[in-house]
Amino acid sequence: MKITRIEPFILHVPVTGSQIADSTHTITHWGVVGARVDTDDGLSGYGFTGTHAHLPGDRLITACIADCYAPLLVGEDARDVQRLWTKIARDPAMQWIGRAGITSLAHAAIDVALWDLNAKAAGVPLWKLLGGQVRETVRAYNTDIGWLSIADDKLVDGARRAVQQGFTGIKIKVGSTVERDLRRLEAVRKAVGPEITVAVDGNGKWDLASCLRFCRGAEPFDVYWFEEPLWHDDVKGHAALARATRIPVALGEQLYTVDAFSEFFHQGAIHWVQPDVTRMAGVTEVLRVCDAALAYRLPVAPHAGDMSQVHVHLSYAHPACAVLEYIPWIKDCFTDPAEVVDGSFRLPTEPGAGTTPTEKAWAAYRK
Ligand code: 0YR
Ligand code: MG
């Protein structure tokens, strides 16, 4: 299965409503920036990363794929996923400018495309290639009802609606003011009752003092986890918060390497582990994080299911995975979409990683 060609692509897909906001970003579109990897046996694999649909930034990623990574890969055997991961990550020129940021996002697209190819070549969905189904269902929690841009009364309506649709978990964004976010949390908890898991996500906005105040006020409302409370790289801050509150700490969607996770594990700074194949260098690096999490007996809740598609496969196949985020913006762009039925992600059935775009999405959203 020799790689013959690597073709980068950019899709800009609208978010729910006309725009959404968390504590740090206001966006109108999600960027699906990726690569199609063709082989001499006629198969193509697709992989992508996620962006805020900023075209100049997206073009840096596609340039990295086309100009830096494609020449390293054309002519190679696509079955050698681990060897090719190392070839890209440890290429002397690329290692010098890389390890995080644009080079990691571009590497993610390539690595996912190779896993997609290998699953297609084996004629199985990726979860089968990863070792098979280890759980009956993957519980979904809904983040799309919880944006900071949603007014208080609409937030409560949306939370109730998600529960009526069968979701057993929701997540609301925080990171505006402690007072406003506590008021919203209390209203949501009252509306959904005690059985629904309610997590909060700060997207790294607050300092430790604000997080401590928020946690003191939030503890009575049975918060499932506090996600990205502090700046993404602040290990000691998260360790201090984890010691000071009874609310579990979650993070990982902004970390790039297994080494970064390892430090959070070692310092007791994390309870829920949230790697993302579209930010780390693909399935290959995320599997290392999941295995390390298992060794620390920490549960994994990969970042959004549909925003990678791959996380659904991972969550069915890895013993450390526990629950998976639902944000439905881009799922309908793929031939085997990450659907939620009765509060759980449907088991994918098509061969591959679920990353093959539909012709319709290609025509509507290609930049
Ligand atoms: C907006 N999920 C997240 C959105 C979401 C972000 O940047 O992508 O809020 O990915 O934090 O947990
Ligand atoms: Mg998050």
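The values are calculated or read from the model by the stated rules, or taken from the named source; none is laboratory data. It should be emphasised that the depicted structure is a prediction, and the values quoted were computed from it without experimental measurement. Cβ placement follows ideal geometry from the backbone for every residue including glycine, while neighbour counts extend to all protein chains displayed. To get the accessible areas, we keep the full protein, side chains included, count just its heavy atoms, and leave off ligands, DNA and RNA. Shrake-Rupley method; radii C 1.70, N 1.55, O 1.52, S 1.80 Å.
How much mean residue ellipticity at 222 nm does the chain get from its helices, if each DSSP H run of length 4 or more adds -39500 (n - 2.57) and you divide by all residues, to the nearest 500 deg cm²/dmol?
About -11000 deg cm²/dmol.
Under 17 Å Cα-Cα from K205, which lysines qualify once same-chain neighbours fewer than 8 residues away are excluded?
The reachable lysines, counting only those whose Cα sits under 17 Å from K205, are K171, K173, K236.
Could you order E263, E359, E179, E285 by accessible surface area, starting with the largest, using a probe radius of 1.4 Å?
E359, E179, E263, E285
Treating only the Cβ atoms of Lys and Arg (+1) and Asp and Glu (-1) as charged, compute the dipole magnitude of the chain about its Cα centre; round to the nearest 20 debye.
My answer is approximately 420 debye.
Provide the net charge surrounding S308, with neighbours chosen by a C-beta distance below 12 Å and charges set as Lys +1, Arg +1, Asp -1, Glu -1.
Result for the local shell: -4.
Which FRET efficiency value, to the nearest 0.05, do you get for R5 and A191 by plugging their Cβ-Cβ distance into 1/(1 + (r/R0)^6) with R0 = 56 Å?
So the FRET efficiency works out to roughly 0.60.
G166's amide H: which non-local residues (gap 5+, or another chain) put their own amide H closer than 5 Å, with H modeled 1.01 Å from N in plane and none for Pro or chain starts?
The answer is none.
How much solvent-accessible surface does D91 expose, in Å² to the nearest 10, with a 1.4 Å probe and all protein chains in place?
30
Give me D for the range 3-123 in µm² s⁻¹, whole number, from Stokes-Einstein with Rh from the Kirkwood sum over alpha-carbon pairs, 25 °C and 0.890 mPa s.
165
What does the net charge come to around A151 if you take all other residues with beta carbon closer than 15 Å to its beta carbon, with K and R at +1 and D and E at -1?
For residues surrounding A151, the net value is +3.
So, in nm, how far is label E359 from label D332 when the simple model puts each one 7 Å beyond its Cα toward the Cβ?
1.9
Given that compact globular proteins tend to follow 2.2 N^0.38 Å, what is the ratio of the alpha-carbon Rg of the chain to that value?
Ratio of Cα Rg to 2.2 N^0.38 Å: 0.95.
Distance in nm between label sites at A100 and R79, each 7 Å beyond Cα in the beta-carbon direction?
About 3.7 nm separates the two model spin labels.
Taking a cut-off of 22 Å between Cα atoms, list the lysines near K128, but don't count ones fewer than 8 places away on the same chain.
List returned: K120, K331.
So between D233 and T177, what do we pick up on full extension, going 0.36 nm a residue minus the alpha carbon distance?
Length difference between fully extended and current span is 17.9 nm.
GNM, the chain, Cα, under 10 Å: largest mean-square fluctuation among G282, G57, G146?
G57
Rounded to the nearest whole Å², what accessible area per residue is found for the chain with the 1.4 Å probe?
Solvent-accessible surface per residue comes out at 40 Å².
Please identify the trypsin sites (Lys or Arg not before Pro) of the range 240-284 that satisfy two criteria: DSSP loop assignment and at most 15 other Cβ atoms within 10 Å. Which are they?
Those satisfying the criteria are R246.
If you average over every viewing direction, what projected area does the convex hull of the Cα atoms of the range 231-367 give, in nm²?
It is 9.3 nm².
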